[in-house]
1. From the list A:L57, A:L35, exactly one residue is outside any helix (DSSP H, G or I), hydrophobic (A, V, I, L, M, F, W, C) and open to solvent by 50 Å² or more (accessible area, probe 1.4 Å). Which is it?
2. Anything in region B:210-236 that is under 24 Å from B:P62 (Cβ atoms) and either free of Cβ contacts under 8 Å to residues at least 12 places away in the same chain or open to solvent by less than 70 Å² (accessible area, probe 1.4 Å) (or both)? List them, or say none.
3. Tally up the residues in region B:80-119 that are touching a strand residue (DSSP E or B) at 6+ places or on another chain (Cβ under 9 Å), more than 21 Å from B:L143 (Cβ to Cβ) and open to solvent by 20 Å² or more (accessible area, probe 1.4 Å), please.
4. Return the residues of region B:155-178 that are more than 16 Å from ligand 1 (Cβ to nearest atom), of a type in the set (A, V, I, L, M, F, W, C) and either within 22 Å of B:E136 (Cα to Cα) or within 14 Å of another protein chain (Cβ to nearest Cβ) (or both); say none if nothing qualifies.
5. Of A:T194, A:T146, which residue is under 13 Å from A:A19 (Cα atoms), open to solvent by less than 10 Å² (accessible area, probe 1.4 Å) and away from chain B (no Cβ under 14 Å)?
6. Could you go through region B:63-83 and let me know if any residue there is out of contact with any helix residue (DSSP H, G or I) (no Cβ under 8 Å at 6 or more places or on another chain), β-branched (V, I, T), modelled with pLDDT of 95 or more and within 16 Å of ligand 2 (Cβ to nearest atom).
7. So which residues in region A:169-186 are surrounded by fewer than 22 Cβ atoms within 10 Å (Cβ to Cβ) and in a helix (DSSP H, G or I), if there are any at all?
8. Could you identify the single residue in B:R61, B:R113, B:R95 that is in a loop (DSSP other than H, G, I, E, B), within 13 Å of chain A (Cβ to nearest Cβ) and either aromatic (F, W, Y) or over 25 Å from B:L173 (Cα atoms) (or both)?
Amino acid sequence: MVAFLRYLINGISLGSVYAIIALGYSMVYGIAKMLNFAHGDIIMVGAYIVFCVMVYLSMPPFLAVLAAIVVCTLLGIAIERLAYKPLRQSASLAVLITAIGVSYFLQNAAMLIWGSNPKVFSSVFNVGNLRMLNGELVISSEALLTIAANIIIMIGLTQFTSRTKMGKAMRAVSEDKGAAELMGINVNRTISLTFAIGSALAAIAGALLCSTTNPNLVPTTGSMPGIKAFTAAVFGGIGSIPGAFIGGLLLGVIEIMAKAYISTELSDAIVFAVLIIVLLFKPAGLLGKPVREKV
Amino acid sequence: MSEIKTGAPLLRVHDIHVYYGAIHAIKGISLEVYENEIVTLIGANGAGKSTTLNTIAGLLRPRQGTVELNGENINGVSASKMVSRGLSLCPEGRRIFQQMTVRENLEMGAYSRPAAEIEGSLEEMFERFPRLKEREKQIGGTLSGGEQQMLAMARALMSRPRLLMLDEPSMGLAPILVEQIFGIISELHASGVTILLVEQNAQMALQVADRAYVMETGVITMQGPAHELLHNDAVQKAYLGS
Ligand SMILES: Nc1ncnc2c1ncn2[C@@H]1O[C@H](COP(=O)(O)OP(=O)(O)OP(=O)(O)O)[C@@H](O)[C@H]1O
Ligand SMILES: [Mg+2]
């Protein structure tokens, strides 16, 4: 029983990281209608920035994460401007291939700058652990922080898109760029803002990922979590904020449970099998809206 | 109503050419709209009516020719800056935001205006379109076709345009709703809104308009006071089915 609870909390914590990444994936998809496969690599860049600022500049973790957010936000905006914006009218396959190219570019650039030897990440947020059930159940502060960050981000984004003028404009752009433009909404700026938000979230996810489950930081660190988070976004319903949240959590829990009770080697296969089964019954994902083709 | 207008036009389109890649869709058309007029642009499917409106609205760029609003050249002004210059297009097919509520759709219409002014305009729209008031919190996609058209028109009016362009507002509506939409257009005109109206329903359009232009495959073939075109033999044959 205690073991199950421990797995569950680990699953939720890992799932929270996936959810934060998935939110970025999903927002960018919803607005730019493209899969930004470089999203995972922005996580990696964020993690390296946190590492460098903490280790080389001996700054406190809080400032390190802040620096990572700033760098990743600018990086996200720059990538959109330089790589994706010129292809706004092109076939989606061209954009997809470009995104894969950007992904490799970031990985190779990281290899050049930081080398391929792992940087051993020390936790950003260790303030002691929470002990429960007479000390049998230990919950790390990182896990709690990750879960809290995820919930805050989810609520924040929901409020932003439903209450603020900019957030509503974002929804308008995601539905119909031409109509949004006729309203006076600057579509290019809205897309930039979306990339900025998604990339800032990726920076936070990078810090959390390396603090909780992935302390050995290498240039390919972002790939697998990126793909899993993409899966989570599809699982929950791509383009939907609560969908990314639930998809991420479920994916994390399924992965940890599969590792614990079935097989470590097969855990990823099981995760994807669940995804396929869900999509067979709900092609738009758990919370996705079925696409209504306009006539 | 249809006396010769003097002074400078509110909108002046001069000899524009618009291309879609290699397709030459608009082949040098010129038209004017004066303050407080309803001008209609009629023509068969594919004549280039929507292309003309989209070009005026800044969604498309003319390769040649000029568009002037109030004497100012607005070639190359992006569509998103057009609203704050007083131009509003209610596009073909309504294009309301399906996932947003009626109220949010209207708020988007007023995107370029200061937040403090929006509440007043919302009230104004709800007064003009009481159906929308009842459905304020309803999601746009769940409205009926007629309600969606009213929402699209109200949304376009939320920017308080000097010139309102309507692209086939009666498309796909039952006759009774068509009557209603044209009633609203007349009311808007009476309250001083200047309108450029594109329509398939030439009969109704010519009845509400002051002046009309007839388009055929990218060029304007006829123009004049609406009531004259309404009784013109060629127009009757081609567009009024008599
Ligand atoms: N996006 C596009 N790409 C290529 N050609 C286009 C495009 N849009 C319109 N056209 C072509 O330009 C011409 C004019 O089209 P437009 O939509 O302006 O006609 P319309 O008069 O509005 O017709 P309708 O009454 O059917 O709405 C047509 O021949 C059409 O095929
Ligand atoms: Mg048309």
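1. Numbers: A:L35 fails: open to solvent by 50 Å² or more (accessible area, probe 1.4 Å).
Every option except A:L57 fails the conditions.
2. Answer for region B:210-236, where residues must be under 24 Å from B:P62 (Cβ atoms) and either free of Cβ contacts under 8 Å to residues at least 12 places away in the same chain or open to solvent by less than 70 Å² (accessible area, probe 1.4 Å) (or both): B:R211, B:A212, B:Y213, B:V214, B:M215, B:G218, B:V219, B:I220, B:T221, B:M222.
3. Within region B:80-119, residues that are touching a strand residue (DSSP E or B) at 6+ places or on another chain (Cβ under 9 Å), more than 21 Å from B:L143 (Cβ to Cβ) and open to solvent by 20 Å² or more (accessible area, probe 1.4 Å) number 1.
4. Matches in region B:155-178: B:A156, B:L157, B:M158, B:L163, B:L164, B:L177.
5. A:T146
6. Looking for residues that are out of contact with any helix residue (DSSP H, G or I) (no Cβ under 8 Å at 6 or more places or on another chain), β-branched (V, I, T), modelled with pLDDT of 95 or more and within 16 Å of ligand 2 (Cβ to nearest atom), one finds none in region B:63-83, hence no.
7. Selection gives A:R171, A:E175, A:K177, A:G178.
8. B:R113
The values are calculated or read from the model by the stated rules, or taken from the named source; none is laboratory data. Since this is a predicted model, take the numbers as computed values, not measurements. Neighbour counts are summed over all protein chains in view; Cβ atoms, including those assigned to glycine, are modelled from backbone coordinates with ideal geometry. Heads up: the accessible areas ignore ligands, DNA and RNA and are worked out on the full protein's heavy atoms, side chains in. Shrake-Rupley method; radii C 1.70, N 1.55, O 1.52, S 1.80 Å.
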